[in-house]
Amino acid sequence: MPSLRELYPIPDIDPCWTVPQDFEAAFDWNYDDGRKQMMHLYQKGKDMQWDALDRIDWDLAIHEENPMEMPDESMGIFHTPIWQKMSNKEKAEFRRHAQSWMMSQFMQGEQAALICAAKIVQQVPDLDAKFYASTQVMDEARHVEAYKKYLSKLGVAYPMTKPLQTLVDQALRDSRWDMTYLAMQVVIEGLALAAFGNIRDMAKNPLAQQLNAYVMEDESRHVAFGRVTLKEYYPHLTQAERDEREEFLVEACYLMRDRFEARELYQHLGLPVDQVVEAQENSEFQRHFKSMLFQRIVPIVRDVGLWSDKIQAAYTDMGVIGFADVDYEQLSENDNKRAAEFDDINKQKRQGYVEEVAALGASGGVAAE
């Protein structure tokens, strides 16, 4: 199997990206029992570990012309004359590349989360937070593994987008541990959850559905981790410190909103980039998709106390202020429920196979591969 880097259709991408670090590693010599809520998250993080090679049914096929079996209306190009003029073969190739681009961004974001979680383990001053962050490191490694395996099935992958790279660079370079939390646990992972959910709920392909459902089950805990920690920490900051974090938050949210423009995808496929992006921005489906991306972020931002007029004005401008009253706990419960549903499906499939083999063995037949 080739390395995923060999599947990039865009040439001259550096094989490695390095970000200089300048922060202090904190040791907690208290070794106390920790906060009840944080230790509960840590216990859940331990209990809910899973194996990407075992839990996901990798034998499930992907559709040749529409790998995730997503509706064409979900693509910005669908609303342009360019799409109407494409042959069926060209449309199939575009779907494969567009869906590979999306899943590639998930994978790239998961590696960023892996590195940020490791940084949090070093930086955060409290041992209970270090404990939980250590479980997140394992979670993120598993997610990178799973998306890498999926992209290998698609046969094409894309590098990290510039907006995401900019935000990750800021999160890693900043020496303050809470800024890494704010960028990764709240903004990047909050937005990713909504994007994962879009595929889980709209795709018809079972492999794409369950992959994203299982990752969401973990990510819901990660966002909750950021929520618990920052909600306790931010009331102790000065107004100037809070203003600085809100400035960063506004910029980060605009960056993430623009993360899904997919300019490099259209450029690689030889399409008129500005025309496609404009059509995408005018698409009712895409406008709805971009607003739904903030369904998980806005209530968390409000809950941690970064809710000044500036923040509210930015979210009003984005058309997402209405998500402030969303019940995040209910969303998390639904994430867990959907993951359990896929577990039940796979369990029934395995049980059916066992029963088939047993019946064939009793009759002297041979099980089908």
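The values are calculated or read from the model by the stated rules, or taken from the named source; none is laboratory data. No experiment lies behind these values; they were computed from the predicted model shown. Cβ: placed from backbone, ideal geometry, glycine included. Neighbour counts: every protein chain shown.
A few notes on this one:
- Residue in segment 286-304 that is farther than 23 Å from residue 229 by Cα, aromatic (Phe, Trp, Tyr) and touching a Phe, Trp or Tyr at 6+ places or on another chain (Cβ under 9 Å) present: yes
- Residue within segment 34-49 that is more than 20 Å from the chain's Cα centre (by Cα), touching a residue at least 24 places away in the same chain (Cβ under 8 Å) and at positive phi present: yes
- Considering residues of segment 337-356 that are free of Cβ contacts under 8 Å to residues at least 40 places away in the same chain and of a type in the set (Gly, Ala, Ser) only, the residue surrounded by the most Cβ atoms within 10 Å (Cβ to Cβ): 340
- Comparison of 228, 273 shows that the only residue that is β-branched (Val, Ile, Thr) and over 22 Å from residue 166 (Cβ atoms) is 228.
- Some residue of segment 18-28 being surrounded by 10 or more Cβ atoms within 10 Å (Cβ to Cβ), over 17 Å from residue 117 (Cα atoms) and modelled with pLDDT under 90: no
- A single member of 255, 249, 269, 265 is farther than 27 Å from residue 183 by Cα and either buried (at least 17 other Cβ atoms within 10 Å of the Cβ) or modelled with pLDDT of 85 or more (or both), and it is 269.
- If you go through segment 65-81 and pick out every residue that is modelled with pLDDT of 90 or more and either farther than 17 Å from residue 265 by Cα or buried (at least 16 other Cβ atoms within 10 Å of the Cβ) (or both), you end up with 7.
- Scanning segment 33-61 for residues that are modelled with pLDDT under 90 and either aliphatic (A, V, I, L, M) or surrounded by fewer than 10 Cβ atoms within 10 Å (Cβ to Cβ) (or both) turns up just one, 33.
- The single residue among 233, 150, 158 that is touching a residue at least 60 places away in the same chain (Cβ under 8 Å) and over 23 Å from residue 51 (Cβ atoms) turns out to be 158.
- Those residues of segment 290-336 which are more than 26 Å from residue 239 (Cβ to Cβ), without any contact (Cβ under 8 Å) to a residue 40 or more places away in the chain and surrounded by fewer than 19 Cβ atoms within 10 Å (Cβ to Cβ), in sequence order: 291, 319, 322, 326, 327, 329, 330, 333, 334
- Looking across segment 171-204 at every residue that is among the polar types (S, T, N, Q) and farther than 22 Å from residue 324 by Cβ, the one that is surrounded by the fewest Cβ atoms within 10 Å (Cβ to Cβ) is identified as 175.
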